[in-house]
Amino acid sequence: MEKVKIVGTRAVQFMDQKDGRQVCGVSFYYTMHDDRVEGLMAGKLFVGEKKLVDLPYVPRPGQDCWVDYDRYGKVSRFELVQEK
């Protein structure tokens, strides 16, 4: 699992170039610490709408969370970082 800070979200809808099907979901923009980066690393995670509705927790901008991935490298869940 990786700890990230969600800094933005965007609902997206696009046509898959491979099979022409409509894809809908949310892009999560984040920053995180990385030992190989001076400062913070930034990135984007995409979660399709079918997966999104099954997630027990969906982060909002400004929240720190843990991200877990499935064996294909796709987001399998988010977990809010509990402050002590």
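The values are calculated or read from the model by the stated rules, or taken from the named source; none is laboratory data. As the structure is a prediction and not an experimental result, all values here were calculated from the model. Glycine also receives a Cβ, built like all others from the backbone with ideal geometry; neighbour counts cover every protein chain displayed. Ligands, DNA and RNA are excluded from the accessible area calculation, which covers all protein heavy atoms including side chains. Shrake-Rupley method; radii C 1.70, N 1.55, O 1.52, S 1.80 Å.
Listing for the model above:
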{"read-out": "Residue that is touching an Asp or Glu at 6+ places or on another chain (Cβ under 7 Å) and not polar (S, T, N, Q), where the choices are TYR29, TYR69, TYR57", "value": "TYR57"}
{"read-out": "Scope the range 62-80; condition within 12 Å of MET1 (Cβ to Cβ) and either open to solvent by 80 Å² or more (accessible area, probe 1.4 Å) or in contact with a Cys (Cβ under 7 Å, 6 or more places away or on another chain) (or both); matching residues", "value": "TRP66, ARG77, PHE78, GLU79"}
{"read-out": "Selection from the range 1-12 of residues that are open to solvent by less than 30 Å² (accessible area, probe 1.4 Å), hydrophobic (A, V, I, L, M, F, W, C) and out of contact with any Asp or Glu (no Cβ under 9 Å at 6 or more places or on another chain)", "value": "VAL12"}
{"read-out": "Complete set of residues in the range 40-61 that are farther than 17 Å from GLU2 by Cβ and either in contact with a Gly (Cβ under 8 Å, 6 or more places away or on another chain) or open to solvent by less than 50 Å² (accessible area, probe 1.4 Å) (or both)", "value": "GLY48, GLU49, LYS51, LEU52, PRO61"}
{"read-out": "The range 57-82, residues that are acidic (Asp, Glu) and in contact (Cβ under 8 Å) with a residue 12 or more places away in the chain", "value": "ASP64, ASP68, GLU79"}
{"read-out": "Members of the range 14-28 that are without any contact (Cβ under 8 Å) to a residue 24 or more places away in the chain and touching a Ser or Thr at 6+ places or on another chain (Cβ under 8 Å)", "value": "SER27"}
{"read-out": "Positions within the range 13-39 being loosely packed, with under 10 Cβ neighbours inside 10 Å and within 14 Å of the chain's Cα centre (by Cα), in sequence order", "value": "none"}
